[in-house]
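Notes for the one structure printed next.
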Amino acid sequence: MSSIRERNKELILRAASEEFAEKGFAATKTSDIAARAGLPKPNVYYYFKSKENLYREVLESIVEPLLAASAPFNQPGEPAEVLRAYIRSKIRISREHAGASKVFASEIMHGAPHLSAERVAQLNAQAAHNIARLQGWIDAGRMAAVDPSHLLFSIWAATQTYADFDWQITSVTGKERLDDDDYEAAAETIIRLVLKGCEVSEAPARPGPEATPR
């Protein structure tokens, strides 16, 4: 029974993410969410009680991946390794949580009225930690003296665009949807721009057993 419950909640959350992303909160109807999820309308209220609660759940569903994307900054690592992993995680979020990413972006643009104070504090604290880590590398001469805050904002913008502006990107590329190669090219392009622009050297490859001096 629990698996059916979780499956239905996931279907509703995904459908709600897409509906809210396309129409905004006010114009979205619970009946449209239910239809998109392929479930009866009462199920939406059974699991989420109200459209407002469902909207908040959509926001919650993207906060955890956003916080998890910063994991490379929370552990030891070379600047190139950390930035590479972070950018890849952010691109993955735009690909796998496109609807929720758009909803989150819209929420932020409107002053985050539905995002809890606790979540805002968590996100801000993580961003401050990431900025401090970047500043530490700058102070140690391990990367160029760029503004760490604006570097982080630029990474956000470059990766988030693959969720927020997917229609424009597919229109320009002439594709119905982006594929694995497109997302790989996006990640590698952003990584290259950031590492080269910040004068960060790639960590040297560790020698394999065959290269070990005898």
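The values are calculated or read from the model by the stated rules, or taken from the named source; none is laboratory data. Keep in mind the model is a prediction, meaning the values are calculated, not measured. We place every Cβ from the backbone using ideal geometry, glycine too, and count neighbours over all the protein chains shown.
Structural remarks
- Number of residues in region 62-91 that are under 25 Å from Ile33 (Cβ atoms) and out of contact with any His (no Cβ under 7 Å at 6 or more places or on another chain): the value is 3.
- Failed item in (1) within 28 Å of Arg84 (Cβ to Cβ); (2) at pLDDT below 95, with Phe73 passing the rest: (2)
- Exactly one residue among Ile108, Ile33, Ile87, Ile91 is within 30 Å of Ile4 (Cβ to Cβ) and among the β-branched types (Val, Ile, Thr), and that residue is Ile33.
- Residues considered: Val58, Val44. Of these, the only one that is at pLDDT 90 or above, in a helix (DSSP H, G or I) and within 27 Å of Arg92 (Cα to Cα) is Val58.
- Scanning region 15-59 for residues that are under 22 Å from the mean Cα position of the chain (by Cα) and within 22 Å of Met109 (Cβ to Cβ) yields a count of 17.
- Residue in region 111-120 that is touching a Leu at 6+ places or on another chain (Cβ under 6 Å), within 24 Å of Lys23 (Cα to Cα), among the aliphatic types (A, V, I, L, M) and in the same structural domain as Ser61 (by TED's automatic domain parsing) present: yes
- Scanning region 10-31 for residues that are charged (D, E, K, R) and surrounded by 18 or more Cβ atoms within 10 Å (Cβ to Cβ) turns up Arg14, Glu18, Glu19.
- Residues in region 47-101 that are surrounded by fewer than 16 Cβ atoms within 10 Å (Cβ to Cβ) and of a type in the set (A, V, I, L, M): Leu67, Ala68, Ala71.
- For region 106-157, filtered to residues that are among the aliphatic types (A, V, I, L, M) and touching a residue at least 60 places away in the same chain (Cβ under 8 Å), the residue that is surrounded by the most Cβ atoms within 10 Å (Cβ to Cβ) is Met143.
- Search result, residues across region 28-41 that are part of a loop (DSSP other than H, G, I, E, B) and either out of contact with any Asp or Glu (no Cβ under 7 Å at 6 or more places or on another chain) or of a type in the set (D, E, K, R) (or both): Lys29, Gly38, Leu39, Pro40
- Listed by first and then second residue, the pairs with beta-carbon distance under 9 Å, at least 6 apart or on different chains, first residue in region 188-206 and within 19 Å of Asp139 (Cβ to Cβ), second modelled with pLDDT under 95 and among the β-branched types (Val, Ile, Thr), are Val194/Val200.
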